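For reference, the structure is listed below as structure tokens.
The values are calculated or read from the model by the stated rules, or taken from the named source; none is laboratory data. Please read all numbers here as calculations on a predicted model, not as lab measurements. Counting neighbours? That spans all protein chains shown, and the Cβs are built from the backbone with ideal geometry, glycine included.
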Amino acid sequence: MLAADQYLMVGVVLFGIGVIGFLTRRNVIVLLMCIELMINGAGLAFVSFCRQTGSLDGQVFVLFAMVIAAVEIAVALSIVLLVFRNRATLDVDEMEVLKW
Amino acid sequence: MVEATGLFSKLWLVPALPLAGALFNCLLGRQVSNFVVSIVACGSIGLAAVLSLLLFNSFLKLPVEQRHIELCMYNWIPSGDFSAPIDLLLDPLSMVMITMVSGVSFLIHVYSVGYMSRDESFARYFFYLNLFVFFMLLLVLAGNFLVLYIGWEGVGTCSYLLISFLYHKQSAARAGLKAFVVTRFGDFFFTLGIMLVFVQFKSIYFGEVLPRAHEVLTPVMATWIALLIFGGAVGKSAQVPLHTWLPDAMEAPTPVSALIHAATMVTAGVYLVARCYPIFQLSPTAMSTVAVIGLLTAVISATIALVNNDIKRILAYSTVSQLGHMFIGLGVGAPAAAIFHLLTHAFAKALLFLGAGAVIHALHEEMDIRRMGALKGHIPATFWTFLVGALAMAGIPGLAGFFSKDAILEASFTNGGVLLWLIMVVTAGLTAFYCFRLFFNAFLGEKRWDPHVEEVHHPAPVMTIPLMLLAVLAAVGGYMGVPHALGGADRISSFLAPVFPPAHHTDGGGDSSRLGIMLMTVSSMVAMLGIILAYYFYVSPEGREAPGRLRQTLSGVYDFLSNGWYFDKIYQVVFVDRFMGAANFFWQAVDTSVLDMTVRGLAGLVLGGGEIVPRLQTGLVRWYALFMVAGAVVIMGYLYIF
């Protein structure tokens, strides 16, 4: 069925935008948003495969992924807040103290 | 086998007391005064000696068939059908040995207090000496081969430590090393022998192995085991061809030479062969090997002693020669006579060494008999006791050495043949000659002292009293074995009889007693002849020129003998130089070039890599993400292609 392939394409595009955004942008908030894009791209792939095979497993996965993404973003944003308070910047390239 | 009861259950104290003394002197010896050190050292050995005598007394009251007492301390290595407990065995053989060892050790400890009084390593000396006595007592009391082996290696270690006691002296350090390496070479065979015993018997207990030896062993196997064990004895007891370490071991302080290299440790080989006698008896080959090695040793070292000029080395060669006599005794089937000779020799030779120590001490560390003389009036106590020792050594009738040597001579005549006997009688003559050559040169004649010796050091009473006691023992020690031929009871033989199966027992019938008296007369006359010759050469005015002339006439023989039959030189070329060459090759070519370079190269590689690789950890999150993406791409590409 054509529709499933198209859903899948949308998922791939979402994931690709997320990856490229993650590699090219420097603002932490934007990076977190890119991660969200990647998660949702993968989720969309799950759901479209579900439609093809008729099982519900993928949908359950997606529900879990959404919950975890919400939790993760809550933690991540609070860390970002603390980092911003300490260093007055959101540029990831400035956050490079953990190195050799 | 009898369980240890009463006094015998305290048997373990005999080796434990010296060990306690050793531990005290090791741990606290430097904190306390020399007086405390000597009290602890001598006291612990003295108590062990008293306990040995008490044990001997109770032992004699036991019926003969009960004179085999085992005392198991604890099971050290239980493993499958192998078990190696620390167990002690008290039978007539170990009984006489512990009595002799603890008694002689005690006297030598007391003497050492005087001899070493000005040494700064006083506590270290007594630590080693006590430890030695512990291992020696463990050796002779061992109830199985493994415990014996512990004692065996322990005395070897202590011998090494004491030979190298003056470790800052190059020659002493080398002599210790030589003694250790040479005896270890013999011990290697002994180790194999013990393993073979276990393979054959599935046991290492003397009480299980020896009585079953004639059932279990084939003649070939008995020969193998006996020869391997004898290999250990050859090393420890300094027999040809492994005798070269003992003369060098004279670098040790003189009381050490008296204790370890005359009275006790070097006789451990004789003890070992006597202990394993039931195995040796099964193999005529092994018995004749023992006798032949003993004979070679006796002759070779007696001839070397004739020309040596170092007071201690003469005595060392004499010790080697006498040990050879003991092995002849074992080889011709007279183990009781060999043990008897071991005891009397221990008294006489310890006395001679301690006397030599007093002489060396008197003349300010002079050891060359050419620079002695006329000491008779200066140190009379040493003179008289040394005379007793020399007479006992020479085998003059009535003194200890006479009875024991003639017991061996008689057994050699009956079991070994006239030729063997003849060679031994000649050797006995040589023994008398070199003993008195030493004696006359040191004590009589004119003063030939080194000019810097202005005043003689007089030995303290703490040195002369042990000398006197040993002189008494050397004089009367022989009366425990007066032969039947002279109307005695030969008590030492009958006491030791339960240990040695009576296969070769010679009984004192009418005919053999006349023969015995004849043999004794001949050997005593030969000994007298040796003494008279020594007197003519070194004391009487007429014979003064004779040694020099003889030396010129026989200069080839003289060089041969004074170089010790070139044993050391040959070993140097054949073994030591080769080994040093190989060691140098492995050190410089293999170790430094190949092994070290490999290891250093690897280390450099790791260090260099460690400089480069960490730079990948930039701390930049997006950089890491790029790696992840690149990795994912590579994996997906791989999956796509294959």
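Taken over region A:49-90, residues that are within 14 Å of another protein chain (Cβ to nearest Cβ), loosely packed, with under 15 Cβ neighbours inside 10 Å and under 19 Å from the mean Cα position of the chain (by Cα) amount to 1. Is it fair to say residue B:211 is more than 20 Å from the chain's Cα centre (by Cα) and surrounded by fewer than 24 Cβ atoms within 10 Å (Cβ to Cβ)? Judged against the criteria, residue B:211 is a match.
The set of residues in region B:500-546 being modelled with pLDDT under 85, part of a loop (DSSP other than H, G, I, E, B) and in contact with a Phe, Trp or Tyr (Cβ under 8 Å, 6 or more places away or on another chain) consists of B:500, B:501. Residues of region B:214-240 that are buried (at least 23 other Cβ atoms within 10 Å of the Cβ), assigned to a helix (DSSP H, G or I) and aliphatic (A, V, I, L, M): B:222, B:225, B:226, B:229, B:233, B:234. Which one is modelled with the highest pLDDT among residues in region B:74-99 that are surrounded by fewer than 15 Cβ atoms within 10 Å (Cβ to Cβ) and either outside any strand (DSSP E or B) or among the aliphatic types (A, V, I, L, M) (or both)? The residue in question is B:77. Considering region B:588-615, the residues that are within 14 Å of chain A (Cβ to nearest Cβ) and aliphatic (A, V, I, L, M) include one that is surrounded by the most Cβ atoms within 10 Å (Cβ to Cβ), namely B:613. Figure legend. Inter-residue proximity from region B:543-572: first residues among the charged types (D, E, K, R), second residues surrounded by 11 or more Cβ atoms within 10 Å (Cβ to Cβ), beta-carbon distance below 6 Å, spacing 6+ or different chains. Indicated pairs: B:551/B:558; B:568/B:244. Figure legend. Inter-residue proximity from region A:5-27: first residues within 14 Å of chain B (Cβ to nearest Cβ), second residues crowded, with 16+ Cβ neighbours inside 10 Å and not in a helix (DSSP H, G or I), beta-carbon distance below 7 Å, spacing 6+ or different chains. Indicated pairs: A:27/A:90.
If residue B:61 meets every condition in (1) free of Cβ contacts under 8 Å to residues at least 24 places away in the same chain; (2) more than 30 Å from residue B:473 (Cα to Cα) apart from one, which number is that one? Single failed check for residue B:61: (2). Pairs linking a residue in region A:66-83 that is closer than 10 Å to residue A:28 by Cα to a residue that is β-branched (Val, Ile, Thr), with Cβ atoms under 6 Å and 6 or more positions apart or on different chains, are A:80/A:28. When we screen B:460, B:489, B:471, B:497 for residues that are of a type outside the set (Lys, Arg) and modelled with pLDDT of 90 or more, the only hit is B:471. State whether one or more residues within region B:189-201 are crowded, with 23+ Cβ neighbours inside 10 Å and under 13 Å from the mean Cα position of the chain (by Cα). No; the residues of region B:189-201 include none that is crowded, with 23+ Cβ neighbours inside 10 Å and under 13 Å from the mean Cα position of the chain (by Cα). Evaluate the following for residue A:97: is it within 13 Å of chain B (Cβ to nearest Cβ), under 30 Å from residue B:609 (Cβ atoms) and out of contact with any Leu (no Cβ under 9 Å at 6 or more places or on another chain)? Spelling it out, residue A:97 is indeed within 13 Å of chain B (Cβ to nearest Cβ), under 30 Å from residue B:609 (Cβ atoms) and out of contact with any Leu (no Cβ under 9 Å at 6 or more places or on another chain).
For residue B:400, indicate whether it is under 23 Å from the mean Cα position of the chain (by Cα), under 18 Å from residue B:319 (Cβ atoms) and modelled with pLDDT of 90 or more. No; evaluated as a whole, the condition is false for this residue. Within region A:28-48, the set of residues being away from chain B (no Cβ under 14 Å) and of a type in the set (Val, Ile, Thr) comprises A:39, A:47.
Residue by residue, here is whether (1) more than 27 Å from residue B:175 (Cβ to Cβ); (2) without any contact (Cβ under 8 Å) to a residue 60 or more places away in the chain holds:
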residue: B:307; (1), (2): no, no
residue: B:335; (1), (2): yes, no
residue: B:346; (1), (2): no, no
residue: B:351; (1), (2): no, no
residue: B:356; (1), (2): no, no
residue: B:360; (1), (2): no, no
residue: B:365; (1), (2): no, yes
residue: B:370; (1), (2): no, no
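Sub-8 Å Cβ pairs linking a first residue in region B:616-638 that is within 10 Å of chain A (Cβ to nearest Cβ) to a second residue that is of a type in the set (Asp, Glu), at least 6 apart or interchain, are B:618/A:96; B:619/A:96; B:620/A:93; B:620/A:96; B:622/A:93, ordered by first then second residue. Counting the residues of region B:547-563 that are part of a helix (DSSP H, G or I), closer than 16 Å to residue B:248 by Cα and touching a Lys or Arg at 6+ places or on another chain (Cβ under 9 Å) gives 0.
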